[in-house]
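Written out below as structure tokens is the structure these notes cover.
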């Protein structure tokens, strides 16, 4: 068995205080010696290693640290021990490269520039993805036998039928909010009857479709991204390419078609639920009977408001589905990336929907449908 690590302290009139180490300075036997060396008081001029039997890297680090702390010389070390001490001292002497000073303005500009580059790159990639989807759609039109009708019907259920509850409740409550806030403001001018105008036009033209699109983006767009992202991680999409199946045809086109068809239907349903909610509040708060509410609604709400919503709905549905599928296709590496891309899909879809809604508002106003 190797001798345990130990040391003695000697005071020499000529050489000063000397710490003489002995035994095996290896990781298994130096824990007690480490604490004892820290308790040595007074100046130390030398650390003598002539009686050390063996030494590993941890022991060399202990000797180097002690010598550095007391500013002592290391004497009597064997050749192998000397190489270990030189190695650990070289690591200790390495200094971290100082980071260049960056001003807050430069940091801000770098962040903004990086964000712009990422945004432009993502936009170009998304436009390329839209082109792939359009190409796949026309190929399927030329080859109807390759179209996956079962997948489309399945996505009808997920995008439309299963969303009826949450979309209906949300729209009903929004109708109540619009009616309540409109009644409070219009009552100041004795014009409570115009609350019906507000409910009808705002619901059919804007909020019915816009809020439905936001709900579908958060519900179905995120599901598309998560499903396709998981398939990317499990290499199912690579397997599809290997057997000759085009992922855009099998995965993206059915989801886009289902969203395009279901969004107008959900928009009509959401608008009706909002009108019902607003009508109930007008009946309770403003004492406007349902028959009067419906009659007034027919008089003040032009048919163009309905068509404006129906034109926007399928475009919103296509944008939401393609944003979700695009982000799902961007997943790489691990499951954490699925969550990041799912979040990005929802944010991207809602952003694009609001931007397009603003564009449509200006466009329809310019052509006289305002």
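Before moving on, here are some points about what is shown:
- Search result, residues across the range 1-42 that are in a loop (DSSP other than H, G, I, E, B) and touching a helix residue (DSSP H, G or I) at 6+ places or on another chain (Cβ under 7 Å): 5, 26, 27, 30
- The residues on offer are 140, 164, and the sole one that is over 24 Å from the mean Cα position of the chain (by Cα), closer than 19 Å to residue 317 by Cβ and exposed (fewer than 15 other Cβ atoms within 10 Å of the Cβ) is 164.
- Residues of the range 1-14 satisfying the condition of being over 17 Å from residue 73 (Cβ atoms), exposed (fewer than 13 other Cβ atoms within 10 Å of the Cβ) and touching a strand residue (DSSP E or B) at 6+ places or on another chain (Cβ under 7 Å): 2, 8
- When residues of the range 349-365 are limited to those that are farther than 12 Å from residue 308 by Cβ and in contact (Cβ under 8 Å) with a residue 60 or more places away in the chain, the one surrounded by the fewest Cβ atoms within 10 Å (Cβ to Cβ): 354
- Scanning the range 161-206 for residues that are outside any helix (DSSP H, G or I) and on the phi < 0 side of the Ramachandran plot returns a single hit, 191.
- Pairs, first outside the structural domain of residue 126 (by TED's automatic domain parsing) and surrounded by 14 or more Cβ atoms within 10 Å (Cβ to Cβ) in the range 331-345, second modelled with pLDDT under 85 and not in a helix (DSSP H, G or I), C-beta under 8 Å, six or more apart: none
One line per residue, one yes/no per condition, for (1) modelled with pLDDT of 85 or more; (2) within 57 Å of the chain's Cα centre (by Cα); (3) crowded, with 20+ Cβ neighbours inside 10 Å:
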site: 16; (1), (2), (3): no, no, no
site: 25; (1), (2), (3): no, yes, yes
site: 34; (1), (2), (3): no, yes, no
site: 39; (1), (2), (3): no, yes, no
site: 50; (1), (2), (3): no, no, no
site: 53; (1), (2), (3): no, no, no
site: 71; (1), (2), (3): no, yes, no
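- Boolean, residue 234 is out of contact with any strand residue (DSSP E or B) (no Cβ under 6 Å at 6 or more places or on another chain), surrounded by fewer than 22 Cβ atoms within 10 Å (Cβ to Cβ), free of Cβ contacts under 8 Å to residues at least 40 places away in the same chain and farther than 25 Å from residue 141 by Cβ: yes
- Residue match in the range 19-31 (condition: in contact with a strand residue (DSSP E or B) (Cβ under 9 Å, 6 or more places away or on another chain), under 16 Å from residue 71 (Cα atoms) and touching a residue at least 24 places away in the same chain (Cβ under 8 Å)): yes
- The condition of being in the same structural domain as residue 181 (by TED's automatic domain parsing), farther than 21 Å from residue 155 by Cα, in contact (Cβ under 8 Å) with a residue 24 or more places away in the chain and out of contact with any strand residue (DSSP E or B) (no Cβ under 6 Å at 6 or more places or on another chain) holds for only one of 328, 267, 278, that being 278.
- Exclusive hit being modelled with pLDDT of 90 or more, out of contact with any strand residue (DSSP E or B) (no Cβ under 9 Å at 6 or more places or on another chain) and outside any strand (DSSP E or B), set 118, 88, 102, 112: 112
- Here the helices (runs of 4 or more DSSP H) wholly within the range 257-370 that include at least 1 residues being under 27 Å from the mean Cα position of the chain (by Cα) and modelled with pLDDT under 95 are 303-329, 335-366.
The values are calculated or read from the model by the stated rules, or taken from the named source; none is laboratory data. Source: prediction; values computed, not measured. Cβ atoms come from the backbone with ideal geometry, glycine included; neighbour counts cover every protein chain shown.
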